[in-house]
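In what follows, a single structure is set out as structure tokens and then discussed.
The values are calculated or read from the model by the stated rules, or taken from the named source; none is laboratory data. In this text the structure is predicted, and so the values were computed from the model without any measurement. Backbone-built Cβ (ideal geometry, glycine too); neighbour counts: all protein chains shown. Ligands, DNA and RNA are stripped out before the accessible areas are found, and what is left, the full protein with its side chains, is counted by its heavy atoms. Shrake-Rupley method; radii C 1.70, N 1.55, O 1.52, S 1.80 Å.
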Amino acid sequence: MILDGKAVAVQIVEKLKAELAKKNVTPQLAVILIGDDPASRVYVRNKQKKAEYIGIKTQLFEYPVDVAEKVVLDKIYQLNNDKNVTAILVQMPIPEHISREKIIMAIDPRKDVDCFTPENVGKLSIGLKPYFYPATPQGILMLLDYYKIPIEGKHAVVIGRSNIVGKPMSQMLLKRNATVTICHSHTENLEEIIKTADIIISAVGKKIVRCKMVSKKSVIVDVGIYKDSNGNLTGDVDFAEVAPLVDFISPVPGGVGPMTIASLMINVVNSYDDNNPVS
Ligand code: NAP
């Protein structure tokens, strides 16, 4: 069965839209975009479009690639203090001359809808509730829950250990009582480890999961998204050969991507009133 993130995300977005209309409130998302990376521009435009559709007000602050670090930090401080702004998002990556650490540390954790700040990441890692959960892992858990895939007691293998996907995914699966193995580029016997998984979550950005590594019981979530040599979007899993062999698999595109945006929208909607979350 296909884990249809696109369809599930539509339902979430419609629910959020109805909820905001009922409450008659307007959360406000401020987005900071530095430089002219075309992919970042597309990501930002997609997030803004989805947010506006739901009824979230958005503001975009664009800066040239050589903007001074202080200018961006001052903007973040100003947005932190602006009562109308409920959510702040700094589109990554940012240019090298700007300290990622300083930018992240500057964001008010109560407006940190990406879950980048040490307070939110720290809370997540000790099992406390952060103000916001990171969008991609939260979206993946919602997708698994939608299809009633059991997590407790299962062996989940997470491939990739990035701060935005692999690490928080592992922590959130642990919190749900999965037995978690984290793999990365130095992992020995990757294939043997993947073979023992009930749930495989691959967040690498290249072809990793092949048919000989999976079994019928495998649930596969493909986070990777990149262009193949023909310019087509593809994921970490060899979908054509793996899909017929397993019970559940998420496609690329149409799997984790839409769930990530829907999950981010949940965070932005909840940023209006984090005592009264929508879901
Ligand atoms: P990242 O920072 O690009 O890191 C990739 C991870 O993969 C690293 O931990 C790396 O290990 C590991 N890795 C690299 N080669 C490996 C190999 N041969 N075997 C095992 N592990 C290997 O990760 P990311 O930012 O999480 O992105 C990963 C992919 O997910 C990308 O394609 C990205 O575009 C996609 N993504 C999609 C969404 C979505 O919403 N669909 C969201 C976020 C990311 P080391 O740590 O040892 O280097």
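Before moving on, here are some points about what is shown:
- Just so you know, the Rg over Rh for the chain is 0.97, from Cα atoms, with Rh as the Kirkwood radius.
- Stretching the chain fully between Ser99 and Ala240 yields a gain of 46.6 nm (0.36 nm per residue, less the alpha carbon separation).
- Principal-axis tilt of helix 135-146 within the chain, Cα atoms, nearest 10 degrees: 50 degrees
- ³J(HN,Hα) computed for each position of segment 4-19 - Karplus, 6.51 cos²θ - 1.76 cosθ + 1.60, integer Hz, glycine/proline x: 8, x, 4, 5, 5, 4, 4, 4, 5, 5, 5, 5, 5, 4, 5, 4
- Residue-wise HN-Hα coupling along segment 174-188, computed from phi with Karplus coefficients 6.51, -1.76, 1.60 (Hz; x: Gly, Pro): 4, 4, 8, 6, 7, 9, 10, 10, 9, 10, 8, 5, 9, 5, 8
- Point-to-point label distance, Ser229-Val65, nm (Cα→Cβ direction, 7 Å offset): 2.8 nm
- Cleavage-rule hits (chymotrypsin sites (Phe, Trp or Tyr not before Pro)) in segment 204-256: DSSP loop, at most 11 neighbouring Cβ within 10 angstrom: none
- Carbon and sulfur %, accessible surface of the chain computed with the full protein complex present, 1.4 Å: 53 percent
- Ranking Gly231, Leu143, Ile159 by Cα position along the charge dipole of segment 118-248, where only Lys, Arg, Asp and Glu carry charges on their C-beta atoms, puts Leu143 farthest toward the positive end.
- Computed over neighbours whose Cβ is under 10 Å from that of Val242, the net charge equals -1, Lys and Arg +1, Asp and Glu -1.
- The overall shape of segment 164-219 is oblate: from the C-alpha gyration tensor, with semi-axes ordered a ≥ b ≥ c, the ratio a/c is 1.5 or greater and a/b is no larger than b/c.
- When both bridge partners sit in the chain, DSSP labels roughly 5% of those beta bridges antiparallel.
- Neighbour net charge for Asp82 - beta-carbon separation under 13 angstrom, K R +1, D E -1: +3
- One chain, two ends: Leu128 and Lys57. Fully extended at 0.36 nm per residue, the span grows by 22.6 nm beyond their Cα-Cα distance.
- Average accessible surface for the chain: 49 Å² per residue, computed with a 1.4 Å probe over protein heavy atoms with every protein chain in place.
- Gyration tensor (Cα) of segment 127-206, equivalent ellipsoid semi-axes in angstrom: 20, 15, 11
- For segment 138-279, the convex hull spanned by the alpha carbon atoms encloses 116 Å³ per residue.
- Point-charge dipole on Cβ atoms (K/R +1, D/E -1) for the chain, about Cα centre, debye to 20: 560 debye
- For His186, solvent-accessible area (1.4 Å; no DNA, RNA or ligand), Å²: 140 Å²
- Restriction of the trypsin sites (Lys or Arg not before Pro) in segment 97-162 to DSSP coil positions whose beta-carbon has at most 14 other beta-carbons within 10 angstrom yields Lys148.
- With contributions of -39500 (n - 2.57) from each DSSP H run of at least four residues, the per-residue ellipticity at 222 nm computed over the chain stands at -12000 deg cm²/dmol.
- Remark on segment 1-142: ratio of C-alpha radius of gyration to 2.2 N^0.38 Å is 1.10.
- Counting only residues at least eight positions apart within a chain, or on another chain, the aspartates and glutamates with an alpha carbon under 12 Å from that of Lys23 are Asp273.
- Restraint check, Lys83/Lys167; Lys123/Lys195; Lys22/Lys47; Lys6/Lys75; Lys47/Lys217, Cα-Cα greater than 30 Å: Lys83/Lys167; Lys123/Lys195; Lys6/Lys75; Lys47/Lys217
- The figure for Cys115 is an accessible area of roughly 10 square angstrom, using a 1.4 Å probe on the protein chains alone.
- Extended-chain gain in nm, criterion 0.36 nm per residue less alpha-carbon gap, Arg210 and Ala39: 58.8 nm
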